[in-house]
Amino acid sequence: MTENPYSELFNSQMDRYVAVGRSTWKERLRKLRALKDALEHTYRQALREALHSDFGKPFLETDLAEIYPILSEIKHVERNLKEWMRPKKVGSTLTLIGSSSYIQYESKGVCLILSPWNYPVYLTFGPLVSAIAAGNCCILKPSEATPATSRVIQEIAGALFDPSEVVVVQGEVDTAKALLELPFHHIFFTGSPAVGKRIMEAASRHLSSVTLELGGKSPAFVDETASMGTTSKRLAWGKCLNAGQICVAPDYILVTEKAKDALVSELKKQLESFYPKGASESESYARIINKTHFRRLQNALNTAVSEGAEILYGGESNEESRFFEPTLIGNVPEDASLLQEEIFGPILPLVTVKDAGEAVKIINSKPRPLALYTFSKNKSAIRSLSENTRAGTACINHNVVHLSNNHLPFGGINNSGIGKAHGHYGFLAFSNERSTIRQYTPSSIDLLTPPYTDFKQRLVN
Ligand code: NAD
């Protein structure tokens, strides 16, 4: 049998993880501050340029949605790590008299972080912040679809960390598969539900624990009580960010009959105001990551149109430059891929519904979403959407922004993910909560060891 190409790296981390796990909060913060400095200063421009060359990501979007969230995550850890690491005393029972019970937060050990291409910096270093905070060693594999950015990511990790603690490995799917053969203590995967299933299968061979941050179709419900100007501005922003290539982008809109015309007209106005000379001329609009994804989107749009869907706005594209215009589309047949598969691009189908009740039925007929957005002032509609559905995360009268609050757990449910990330929840994902009892005095159990005499039986009764 040929040796796994990553065994040596993995074994060097296996030799190191206990020592890294014993590091103090100050030592962990030193590493995180070095990462913060690298992202904020030394490598900021290199990352902006790499992301622009990989898929035309505007510099501002790199600052706002790739670098800033990691800096914010590190600041949050700086404020809280000492407290998070402190063993947590818990209550006890009468039979355990003379002891104390507490939870000790220990590192999991050697972890694997596999990240996707859409936010390559944030989704590689974001989980790493939690992994380091919890005292782990890590191998990271960024996506092969963003070669320029992945190179800078590797350079940053190489400059800051000893490979026996943190190391970046580059490669395609085969690399990920080879890594997955190794008995990692935890695997943190961000990507599609289809690949998430493979990751879980691979993890099952070693019973590695997993965090799966997946995707899926995140619906937005809009009714006639919503403020149309604000709603459409927020939805258009959420959909156009990174040209719709974001896991929590509103995937499709469930709009009430009474709200539809006003919403479409306001969405058009917003898109025109975002890109006054057209999105193709705008420096504020990203491109589709590669031709495979471009063609996937083009096919989905063409098929829906050939089956009777109506383009309400946009629809232009250019394969050479991988430009895809923000596109609103109505009358999409229910079985079209636009309403079945995650769109992950700037096409926004509008589905007309009678009311919140019908929206709930549609949402519940599909796999559970990563995010659910409700735009309404009607309390009973808001309650209906939040109480009668299941989703990993939600916003009421907004979208996407919940990602940025590191006080909130972030993650899906079932098809959209398993486990939570960000802030304390990220720290916990990379920690083992070791339940510990420390006995100080003779224990009541000492009286109950065999042989089980009548006297002992009476004591229990
Ligand atoms: P993907 O699942 O194709 O790939 C993600 C990573 O998995 C890459 O590093 C890739 O090399 C690796 N990979 C691909 N196939 C593999 C296989 N067979 N075995 C092992 N590893 C494999 O995802 P993507 O196209 O890069 O990203 C888009 C998806 O990610 C969307 O579904 C999106 O919703 C989801 N996503 C989720 C979040 C979140 O936080 N929940 C964030 C961003 C993206």
Query raised in the report: Of everything in the range 200-214 that's surrounded by 16 or more Cβ atoms within 10 Å (Cβ to Cβ) and within 13 Å of CYS111 (Cβ to Cβ), which residue is farthest from the ligand (Cβ to nearest atom)?
Result: SER209
Query raised in the report: Can you tell me which residue in the range 281-313 is surrounded by the most Cβ atoms within 10 Å (Cβ to Cβ), limited to those that are out of contact with any Phe, Trp or Tyr (no Cβ under 9 Å at 6 or more places or on another chain) and under 19 Å from ALA236 (Cα atoms)?
Result: LEU312
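This table checks each residue for (1) part of a strand (DSSP E or B); (2) more than 25 Å from LEU140 (Cα to Cα); (3) of a type in the set (Val, Ile, Thr); (4) in contact with a strand residue (DSSP E or B) (Cβ under 8 Å, 6 or more places away or on another chain).
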| position | (1), (2), (3), (4) |
| --- | --- |
| ALA50 | no, no, no, no |
| ASP54 | no, no, no, no |
| LEU60 | no, yes, no, no |
| ASP63 | no, no, no, no |
| TYR68 | no, no, no, no |
| LEU71 | no, no, no, no |
| GLU78 | no, no, no, no |
| THR95 | no, yes, yes, no |
| GLN104 | yes, yes, no, yes |
Requested in this report: Could you list all residues from the range 84-124 that are under 30 Å from LYS197 (Cβ atoms), of a type outside the set (D, E, K, R) and in contact with a Lys or Arg (Cβ under 6 Å, 6 or more places away or on another chain)?
Outcome: LEU114
Query raised in the report: Taking interchain pairs and intrachain pairs at least six residues apart, which have beta carbon atoms under 8 angstrom, with the first residue in the range 3-26 and of a type in the set (Lys, Arg) and the second modelled with pLDDT of 95 or more?
Result: ARG16/CYS137; ARG16/SER164; ARG16/GLU165; ARG22/GLY135
Requested in this report: Can you give me the number of residues within the range 314-364 that are more than 15 Å from LYS239 (Cα to Cα), in contact with a Pro (Cβ under 9 Å, 6 or more places away or on another chain) and of a type in the set (Val, Ile, Thr)?
Outcome: 4
Report task. Go over the candidates VAL152, VAL166 one by one and state the one that is modelled with pLDDT of 95 or more and in contact with a Phe, Trp or Tyr (Cβ under 7 Å, 6 or more places away or on another chain). Result -> VAL152
Query - Test: residue in the range 92-112 that is within 16 Å of the ligand (Cβ to nearest atom) and within 24 Å of HIS185 (Cβ to Cβ) - result: yes
Query raised in the report: Residue check: is LEU447 at pLDDT below 95, aliphatic (A, V, I, L, M), more than 19 Å from SER101 (Cβ to Cβ) and away from the ligand (no atom under 12 Å from the Cβ)?
Result: yes
Report summary line: Looking across the range 215-235 at residues that are within 16 Å of the ligand (Cβ to nearest atom) and part of a loop (DSSP other than H, G, I, E, B), the single one that is nearest to GLU334 (Cα to Cα) is LYS217
Report task. Identify all residues within the range 412-459 that are surrounded by 13 or more Cβ atoms within 10 Å (Cβ to Cβ) and assigned to a loop (DSSP other than H, G, I, E, B); write none if there are none. Result -> GLY412, ILE413, ASN415, SER416, GLY419, LYS420, HIS422, PHE430, SER443
Requested in this report: Tell me, yes or no, whether the range 144-159 has at least one residue that is surrounded by 23 or more Cβ atoms within 10 Å (Cβ to Cβ), within 10 Å of the ligand (Cβ to nearest atom) and in contact (Cβ under 8 Å) with a residue 40 or more places away in the chain.
Outcome: yes
Query raised in the report: Looking only at residues in the range 290-318 that are in contact with a helix residue (DSSP H, G or I) (Cβ under 8 Å, 6 or more places away or on another chain) and small (Gly, Ala, Ser), which one is nearest to ASP335 (Cα to Cα)?
Result: ALA304
**Report entry** Single residue of the range 1-22 satisfying the filter (surrounded by fewer than 18 Cβ atoms within 10 Å (Cβ to Cβ) and not in a helix (DSSP H, G or I)) that is modelled with the lowest pLDDT
**Finding:** MET1
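So that you can scan it fast, the table gives a plain yes or no per residue for (1) free of Cβ contacts under 8 Å to residues at least 60 places away in the same chain; (2) on the phi < 0 side of the Ramachandran plot:
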position: LYS177; (1), (2): yes, yes
position: GLU181; (1), (2): no, yes
position: GLU201; (1), (2): yes, yes
position: SER204; (1), (2): yes, yes
position: GLY216; (1), (2): no, no
position: PHE221; (1), (2): no, yes
position: GLU224; (1), (2): yes, yes
position: GLY229; (1), (2): yes, yes
position: GLN245; (1), (2): no, yes
Query raised in the report: Counting just the residues of the range 280-294 that are small (Gly, Ala, Ser) and under 27 Å from the mean Cα position of the chain (by Cα), which one comes out farthest from PHE323 (Cα to Cα)?
Result: SER284
**Report entry** Unmet requirement for PHE188, which otherwise passes all of (1) under 22 Å from the mean Cα position of the chain (by Cα); (2) assigned to a helix (DSSP H, G or I)
**Finding:** (2)
Query raised in the report: Is it the case that GLU272 is surrounded by fewer than 24 Cβ atoms within 10 Å (Cβ to Cβ), modelled with pLDDT under 95 and either of a type outside the set (Ser, Thr, Tyr) or within 16 Å of the ligand (Cβ to nearest atom) (or both)?
Result: no
Query - Qualifying residues in the range 178-198 (those that are more than 18 Å from LYS217 (Cα to Cα) and near the ligand (Cβ under 9 Å from one of its atoms)) - the one surrounded by the fewest Cβ atoms within 10 Å (Cβ to Cβ) - result: ARG198
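The values are calculated or read from the model by the stated rules, or taken from the named source; none is laboratory data. Please read all numbers here as calculations on a predicted model, not as lab measurements. Every residue, glycine among them, receives a Cβ derived from its backbone with ideal geometry; neighbour counts consider all protein chains shown.
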